[in-house]
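A.B. asks: One structure, as structure tokens, below. Some questions next.
The values are calculated or read from the model by the stated rules, or taken from the named source; none is laboratory data. All of these numbers come straight from a predicted model, not from anything done at the bench. Here the Cβ positions follow ideal geometry from the backbone for every residue, glycine too, while neighbour counts run over all protein chains shown. Surface accessibility is based on the protein's heavy atoms, side chains included, excluding ligands, DNA and RNA. Shrake-Rupley method; radii C 1.70, N 1.55, O 1.52, S 1.80 Å.
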Amino acid sequence: MTALALLAATQAAAAPEDYADYIPHNINDMELVDYALLENEFVAYYGETIGRATLRIFPAPGADANGQHAEDPPTSGETPAAQRAMLDLLSRNLSEGTNALGEGYVTNPVRLFMIRIDGGDAMAGSLACGYIERTQAEDRVEEGAEPMALSDRICLTQDGDDIVSVSITTPNRPSMPLNVDDAQITFSGLLIGTIIQLASEGQAEE
């Protein structure tokens, strides 16, 4: 998890499209497939060693700034705006479901958590995350086969005026060697941290 230390809190004042020049083409063997600017939201797609991933960068939604009289409301990390954005994305996921498991599957309860990244004596950053696992219904599994599961994870952080989020979907079976939790969290942290770091360095040079 030491690679997640790339995530550093910044106070960028960038619009979503301003991140386009800082999108890495490869993160942990996940390749950039395509990207586009859609209605004030920058979207990039990655695949496929651990599944499919979508990067979204969009303006932070309005939210409680930790008290109306806060002298210095948070603008980085797992802020109220970041948590609201995560819940919005989870709500969209639960509403849309998936076609990848066929017509029959079970959706397990949503898990919410936060990842803190230590940087020396101070916290370097944090991600708000949500996790949804879906499993093939028993009567849909072919005889002699293991049930397929689909792990959806959303991790994001606030970076100044923007939300930087990664949604990743990984298909897996019980006997597969992939540690889905580690793979998804590491990829999400590296991608988000790299983009924020490169954007911050690019703005400093302007």
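A.B. asks: What does the charge count around Arg111 come to, taking other residues whose C-beta lies under 10 Å from its C-beta (Lys +1, Arg +1, Asp -1, Glu -1)?
C.D. replies: Local charge sum for Arg111: 0.
A.B. asks: If the chain between Asp88 and Gln197 were fully stretched, how many nm would it gain, using 0.36 nm times the residue separation less the Cα-Cα distance?
C.D. replies: Result for the pair: 36.7 nm of gain on full extension.
A.B. asks: Right, here's the next one. Report the full-extension gain for the segment Glu142 to Asp18: residue separation times 0.36 nm, less the Cα-Cα distance, to one decimal in nm.
C.D. replies: 39.9 nm
A.B. asks: At 1.4 Å probe size, with no ligands or nucleic acids counted, give the accessible surface of Ser167 in Å², nearest ten.
C.D. replies: Here the residue's solvent-accessible area equals roughly 20 Å².
A.B. asks: Starting from the Cα-Cα distance between Asp182 and Val106, subtract it from 0.36 nm times their residue separation and give me the gain in nm to one decimal. Present the calculation step by step, with values, prior to reporting the outcome.
C.D. replies: Details: separation 76, 0.36 × 76 = 27.36 nm, distance 2.31 nm.
Computed gain between Asp182 and Val106 is 25.1 nm.
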